1. Can you give the convex hull volume of the alpha carbon atoms of the chain per residue, in Å³?
2. Tell me which residues come under 5 Å, amide H to amide H, from Leu131 once H is placed; ignore anything under 5 positions away on its chain.
3. Hey, what did region 208-283 get for relative contact order, percent, Cα under 8 Å, at least 6 apart?
4. Identify all lysines with a Cα-Cα distance to Lys296 below 20 Å; exclude those on the same chain that are fewer than 8 residues away in sequence.
5. Distance between Cα centroids, region 90-147 to region 244-286: provide it in whole Å.
6. Using a cut-off of 16 Å between alpha-carbon atoms, which aspartates and glutamates can reach Lys101, once sequence neighbours fewer than 8 places away in the same chain are excluded?
7. List the relative contact order of the chain as a percent without decimals, with contacts defined as Cα pairs under 8 Å and 6+ residues apart.
8. Which one of Phe270, Phe150, Phe190 has the biggest mean-square fluctuation once the chain is modelled by GNM with Cα springs under 10 Å?
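What follows draws every value from the coordinates through simple rules; no lab data is involved. Bear in mind the structure is a predicted one, so any value in this text is a computation, not a measurement. Note that each Cβ is placed from the backbone with ideal geometry, even for glycine, and that neighbours are counted across all protein chains shown.
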Amino acid sequence: MEENYLIEKKPAIKQAWLRILLFIIMYLVGSVVMTMIAGAFIVLTGYVSLEELQSVMGNKGDINILIFTQFFSLIAVALSIWVFRKFIDKKSIISLGFTIKGRLKDIVAGFLLGFILLLLGFLILYFINQLEVTGITYSAKAILGSLILFIIVAVVEESMMRGYILNNLIESLKNKYIALLISAVIFALFHGINPNITILGFINLIFAGLALGITYVHTKNLWFPIFLHISWNFFQGPIFGFEVSGLNIKSIINHDVLGSDLITGGKFGFEGSIIITVLLIGMILSIELIFRKRIKD
């Protein structure tokens with residue numbers, strides 16, 4: 001009886017690519033349904049009219065509505081993960097990388113790293129005269145709202161991209177770096193419909209997927225990428241005033257970007273800049289070297 005308990009249950013669907021495809025389909029369908037439910041609730045409560053709904057959920061959307069709709073996306077991804085882990089993968093949700101014991105350093109490191117990268121990028125643009133600060137505004141309510149929004153966004157995307165998709169790819173492919181690259185491309189494709197995306201912006205999203213997943217291939221733990229993702233979006237938009245993957249968020253620092261879109265990122269935001277390309281590559285290589293040194297030691 002004890003031996004049978006130790007035998008790992010085989011997935012109901014053997015092919016990892018098929019599990020991932022079906023998972024993505026379920027999430028997308030669930031997300032659309034949940035967004036419709038959220039939209040209907042918003043209209044029925046009289047918060048906005050049906051005609052106004054699309055505009056307040058768009059590029060310069062109402063932060064309260066964005067939080068509300070993202071919460072429904074969280075429900076969609078949580079339901080999808082529960083169904084697939086219980087009935088298809090036949091493994092626990094915790095095993096995706098949600099074990100928190102001993103992960104405080106990862107949480108702190110992820111959050112600090114996001115801040116450092118965005119600060120470096122902001123300062124580089126400022127000192128090469130590609131960015132001009134036009135004002136400082138502060139609203140505690142807006143900052144708190146943005147933080148809540150990006151916490152939900154990070155949990156949704158990391159649970160799905162690194163948690164479910166990358167986890168399954170690593171377990172099915174012999175080369176974990178190929179698994180990481182595939183997951184990063186899927187991550188970029190999910191953001192491919194964002195406003196004002198450019199070719200360099202899309203490439204940088206692939207590098208961002210690599211940066212968010214590089215620790216996961218070594219640790220299979222989600223807390224570092226979750227807090228790096230939170231920090232990246234939070235400091236990029238609400239603090240330093242860049243668009244977040246093309247989305248305009250109210251910020252503390254207001255500025256105008258000057259010169260070439262290749263340097264500044266243009267309307268897509270700093271994620272479309274060649275500067276962030278270099279910073280992301282440096283981060284990926286540094287993290288990989290750190291883990292290789294740990295393994296060697």
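1. Numbers: hull volume 45.8 nm³, N = 297.
For the chain, the hull spanned by Cα atoms encloses 154 Å³ per residue.
2. Amide H neighbours of Leu131: Leu258.
3. Numbers: 87 pairs, mean separation 16.0, N = 76.
Rounded, it is 21 percent for region 208-283.
4. Candidates past the 8-residue exclusion: Lys176, Lys220.
5. About 14 Å separates the Cα centre of region 90-147 from the one of region 244-286.
6. Cross-link targets: none qualify.
7. Working: 405 pairs, mean separation 64.3, N = 297.
Rounded, it is 22 percent for the chain.
8. Phe190
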